[in-house]
Amino acid sequence: MNNLRKLTILALLFSVALSSAAQFRISSFLPDGGLVLTNAFTNGVCTLRSTTNLVAGPFLPVRNVFTTTTVAQASNALTGNVGFYRPQAWDLSGGRAGFTNLTLVYGLLTTIAGAGGPPNTNNWLPQYEGGPATNAVLSGPHISIGDRWGRIYVAEKDGHAIRKISPDGTIVTVAGTNGPGNGPDTTVNGTLCALDGCNGLWVKKDGTVFILDAGNNKIRRLDTNGTIRTLFTVPPAYAIDRGLWVSENETTAYVGAKTNVLKWVDTVQVTSFSTNYQSLGNIVVDLWGNLVVADRYGNRVYRLDSVGNRTPIAGNGAKTGGGDGQLALNTGLEEVRGVWFMPTGAYLLCTHKGSDVWYVDTAGYNHLLLNGASHDEHAGDGTWFYNPSEYRVSKCRAVTMDYDGNILVTENDLGYVRKVRFLPLGP
């Protein structure tokens, strides 16, 4: 970073008071062009705004960072050769005010994959390969997860394949032959290994992909070099379905098997870890190392301890009750399928029949993030995402976040992947 840019930033820093947090400020600069900010909210977000004209502005948002301590770091945050930067702190503490701030740090709703098409069929065509992801008719997408390079991987149940959406918006097949089958367990090219009803996946930071190959009762490992092999096979006594989580060191995995959570430890035989669910959805591990599972037909989300005992954290077990602004445990979550934790400890939920996306704050209150309906709604692209009076999504299978903080929603029946951008609108 050149000295001129440092000087222009410092001129703004010491002449204008900008933060809603006490003495929130830029305290130092990093060699990669990043910033260190101090006195941030311990449950919040920092927005960095920039302009090249201090007098005329406008100051436009260029970076958001979640803050969980009073010191925050925004790597590679500075843009251009000369710029003036203005930091802003947002408090995301539990309650309505914190939720309102959350809606303000997120911006546009877009579709990043899918053109809409008939459900429960294989819609994939050869001409979609390498083309715009928004021109491809997806086939029963069940979950979308990103790696740290901005690539998004989509598990297509009815397409029997894993698709990759690149940052430039193009889509390609990285695993599967686009038809049902049982590919070899040994290492082969990913696109030469047939899969069957792959409706779950997990992605490591580096882009290693683990595939829940439901029809074959196998967990496959897709390497970053494009080759695939079977990581482990689940005994036929269990029929795996939907949820999958794999540790970063690849020594532990949890798999959803309809009414059972299974555990695999390295080369040890797969065992039952937690039982008596009605129909498992997605699986994650929270910030404290606890497994969290969605029970679709049980209309509840549970946190599990180290031996598989469960405690409900969201959902009243029914389809109705509670709602926006009410305790998550008092709210009906009709066929909850997706769960994902944010860096602050709050988490996101999505429902299949209810067709909604919810935000549960750190105090345990439920807030409607995206409203939806089960009759194939698709609206709101190109506008601010938050409009609780309009149906915007439908039949949600999963909600996740990429490494930039963007929210990804996978809608199954019409076949869409939607994104809520982690950056405020305008000045």
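The values are calculated or read from the model by the stated rules, or taken from the named source; none is laboratory data. These numbers come from a predicted model, not from an experiment. Heads up, the Cβs are rebuilt from the backbone with ideal geometry, glycines too, and the neighbour counts pull from every protein chain shown. Remember, those area values only see protein heavy atoms, side chains included, never the ligands or the DNA or RNA. Shrake-Rupley method; radii C 1.70, N 1.55, O 1.52, S 1.80 Å.
For segment 299-321, enumerate the residues that are crowded, with 19+ Cβ neighbours inside 10 Å and assigned to a loop (DSSP other than H, G, I, E, B). Listed by number, the residues that qualify are Asn299, Gly315, Asn316. When Val268, Val292 are checked against the criterion of being open to solvent by less than 40 Å² (accessible area, probe 1.4 Å) and either in contact with a Phe, Trp or Tyr (Cβ under 9 Å, 6 or more places away or on another chain) or more than 17 Å from Arg397 (Cα to Cα) (or both), a single residue qualifies: Val292.
Annotation: Ser144 fulfils all but one of (1) within 16 Å of Gly200 (Cβ to Cβ); (2) in contact with a helix residue (DSSP H, G or I) (Cβ under 8 Å, 6 or more places away or on another chain); the unmet one is (2). Of all residues in segment 255-265, those being over 13 Å from Ala294 (Cα atoms) and either among the acidic types (Asp, Glu) or surrounded by 19 or more Cβ atoms within 10 Å (Cβ to Cβ) (or both) number 2. If we scan segment 193-214, do we find a residue that is farther than 22 Å from Ala237 by Cβ, part of a strand (DSSP E or B) and open to solvent by 40 Å² or more (accessible area, probe 1.4 Å)? Looking for residues that are farther than 22 Å from Ala237 by Cβ, part of a strand (DSSP E or B) and open to solvent by 40 Å² or more (accessible area, probe 1.4 Å), one finds none in segment 193-214, hence no.
For segment 246-298, no strands (runs of 3 or more DSSP E) sit wholly inside it while including 3 or more residues that are β-branched (Val, Ile, Thr), within 18 Å of the chain's Cα centre (by Cα) and at pLDDT below 95. Every condition in (1) open to solvent by 20 Å² or more (accessible area, probe 1.4 Å); (2) out of contact with any Ser or Thr (no Cβ under 6 Å at 6 or more places or on another chain); (3) without any contact (Cβ under 8 Å) to a residue 60 or more places away in the chain holds for Trp384 except the one numbered (3). For segment 398-422: of the residues being in contact with a Ser or Thr (Cβ under 8 Å, 6 or more places away or on another chain) and assigned to a loop (DSSP other than H, G, I, E, B), which is least open to solvent (accessible area, probe 1.4 Å)? Only one residue fits best here, namely Gly415. Looking only at residues in segment 60-111 that are among the charged types (D, E, K, R) and modelled with pLDDT of 90 or more, the one that is most open to solvent (accessible area, probe 1.4 Å) is Arg96. Every condition in (1) over 14 Å from Thr410 (Cβ atoms); (2) open to solvent by 30 Å² or more (accessible area, probe 1.4 Å) holds for Lys157 except the one numbered (1).
Restricting attention to segment 113-142, the residues that are under 21 Å from Arg337 (Cα atoms), open to solvent by 10 Å² or more (accessible area, probe 1.4 Å) and in a strand (DSSP E or B) total 1.
Residues that are of a type in the set (Val, Ile, Thr), surrounded by fewer than 18 Cβ atoms within 10 Å (Cβ to Cβ) and at pLDDT 95 or above do not occur anywhere in segment 335-352.
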